[in-house]
Amino acid sequence: EAASNVLLASWNALQDGATLASDAAATAPTAVAQAAKPLTLDEYLGRSIKLSFDQEPIEVALKLVGDEANANLPAGTPPLRFELDGASFEKAGITRNQQLRDFKHVNKPVRDALTAIAKRGNPVTTVTDTRDKDQRLIWVVRDDPQQAGQNLVSLTTRDAAAADSIPLTVEFAPSQ
């Protein structure tokens, strides 16, 4: 009886693809380890999202971007909080419930959606370059005061960011 079992096992081992299962098993831990690697901040902001609405207040638009950006994050990547800096809006005379209309952002990075909100909500409507000082409404990434060691995306003003020494993102930093 043993001879037939040895013969069948040997024949199976010699067949094409007989070792594929063990090769796949050998690479599986690597694939899982790579999938579980948390996203860097740049990777997070570079993730494509889909968002469109007919009309929403700027504060709700920011929340919708945050919800979409935090959906389906890879394991180990903490969600970011998105917050409108109401005090800086008030100081600059910007209405936090101003309406954004016909917003369509499909398969574009999170950072592009945030920049589009800042451009549309800017009080100076003639600005064409977001690095211009007249682009008063900006978004920044700063430390989250509610969660130590975490970042926060804040829709704020250029003046407030300067007053708090918050570095500007590439979208709003003056060109050198």
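Given springs between every Cα pair under 10 Å in a Gaussian network model of the chain, which of ASN70, ASN97, ASN122 has the largest fluctuation?
Residue with maximal mean-square fluctuation among ASN70, ASN97, ASN122: ASN97.
Can you check what the Kirkwood hydrodynamic radius comes to for segment 103-176, Cα pairs only, in Å to one decimal?
Value: 13.0 Å, from the Cα pair sum.
Karplus couplings for segment 58-64 from phi (6.51 cos²θ - 1.76 cosθ + 1.60, θ = phi - 60°), rounded to Hz, Gly and Pro as x?
For segment 58-64, the Karplus-derived couplings read 4, 5, 5, 4, 4, 4, 5 Hz, x marking Gly and Pro.
What is the helix-to-structure angle for 2-14, meaning the angle in degrees between its Cα long axis and the longest Cα principal axis of the chain, kept from 0 to 90 and rounded to the nearest 10?
Long axis of 2-14 versus the principal axis of the chain: about 40 degrees.
Rounded to the nearest whole Å², what accessible area per residue is found for segment 28-156 with the 1.4 Å probe?
With the other protein chains kept in place, segment 28-156 gives 55 Å² per residue.
Which of these values of Cα Rg over 2.2 N^0.38 Å was calculated from the structure shown: [x] 1.58; [y] 1.86; [z] 1.06?
Answer by label: [x].
Hey, with R₀ at 41 Å, roughly what FRET efficiency would ALA71 and THR126 work out to, going by the Cβ-Cβ distance, to 0.05?
Step by step, r from the Cβ atoms, then E = 0.70.
How far, in degrees from 0 to 90, does helix 110-121 lean away from the longest principal axis of the Cα atoms of the chain, to the nearest 10?
Roughly 20 degrees between the two axes.
At 1.4 Å probe size, with the rest of the protein present, what percent of the exposed accessible area of the chain is carbon and sulfur atoms?
The value for the chain is 52 percent carbon and sulfur by accessible area.
For the chain, what proportion of DSSP beta bridges, expressed in % and rounded to the nearest 5, is antiparallel?
80
In terms of modelled amide H atoms, which long-range or inter-chain residues lie less than 5 Å from the amide H of LYS108?
ILE49
Ignoring everything except DSSP H segments at least 4 long, calculate the 222 nm mean residue ellipticity for the chain; use -39,500 (n - 2.57) per segment, divide by total residues, nearest 500.
-12500 deg cm²/dmol
The values are calculated or read from the model by the stated rules, or taken from the named source; none is laboratory data. Note that the structure is a prediction, hence the values are computed from the model and not measured. Neighbour counts are summed over all protein chains in view; Cβ atoms, including those assigned to glycine, are modelled from backbone coordinates with ideal geometry. Heavy atoms of the whole protein, side chains included, go into the accessibility calculation; ligands, DNA and RNA do not. Shrake-Rupley method; radii C 1.70, N 1.55, O 1.52, S 1.80 Å.
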